[in-house]
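Below is one structure, written out as structure tokens, with a few remarks after it.
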Amino acid sequence: MCMQRTIIQKRLGRFGTVVTLEVIEHVLDPEAFVRECVGAVQDGGVVVISTMNRTPWSFFANIVAAEHLLGLVPTGTHDWSQFLSPGEILDLLSGAARSDGRTAELIQCCGITPGLTRGRLEFRLCGDVSSHFILAAQIHARQKKSH
């Protein structure tokens, strides 16, 4: 990923927003993944990450129900141990920003809930982060201390 980011940055520079939806729970190294996301966003830009929370409810909803009972996704798609909490995502963002000489500030974190409307699956934002959530953080240049 680092080489890809270098090639992209040379051609396009950094981005105002980097969005990853339902990806991080599938990568082998979430810390490196977040570091690449933070590295690809410009100062003042935003990183948005959605994923599944590591809670008993998310285990039931996303693995037992979605994979085994309803067959919505293939069995084995998700590994509950790879799910991350909002706090863990924010810690990864803060650590990645710090290693890049910057800071990460939480803008908002809210839950995502699926539902059926006229036979169509829709997702809505909600206050319950126990299953899916989406988190946005702004990446700031570190302020220089005045003497």
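The values are calculated or read from the model by the stated rules, or taken from the named source; none is laboratory data. Note that the structure is predicted; figures quoted are calculated from it, not measured. Cβ: placed from backbone, ideal geometry, glycine included. Neighbour counts: every protein chain shown. SASA here: full protein model, heavy atoms, side chains in, ligands and nucleic acids out. Shrake-Rupley method; radii C 1.70, N 1.55, O 1.52, S 1.80 Å.
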- Message: At 222 nm, what value in deg cm²/dmol follows for the chain if DSSP H runs of at least 4 each add -39500 (n - 2.57) and the sum is divided by all its residues, to the nearest 500?
- Response: -7500 deg cm²/dmol
- Task: Show the residues, 5+ positions off or on another chain, whose built amide H is closer than 5 Å to the amide H of Val19.
- Result: Val48
- For Ser85, list long-range residues whose amide hydrogen, built 1.01 Å from N in the peptide plane, is under 5 Å from its own amide hydrogen. Arg54
- Cα→Cβ-extended label distance, 7 Å offset, between Leu21 and Ile107, nm: 1.5 nm
- Note on the structure: Gyration tensor (Cα only) of the chain to equivalent ellipsoid, semi-axes in Å sorted down, yields 31, 16, 14
- Task: Just grab the label-to-label distance for Gln82 and Arg54, each label 7 Å out from Cα along the Cβ direction, in nm (one decimal).
- Result: 1.3 nm
- Write down the accessible area per residue of the chain in Å², having rolled a 1.4 Å probe over the full set of protein chains. 61 Å²
- Note on the structure: Here FRET efficiency (C-beta to C-beta, Glu122 to Asp91, R₀ 41 Å, nearest 0.05) is 0.85
- Message: In the chain, once you exclude exposed trypsin sites (Lys or Arg not before Pro) (DSSP loop, at most 14 other Cβ within 10 angstrom), what's the longest stretch remaining?
- Response: 1-117
- Query: So what is the relative contact order for the chain, in percent, with contacts set as C-alpha pairs under 8 Å and at least six apart?
  - Reply: 27 percent
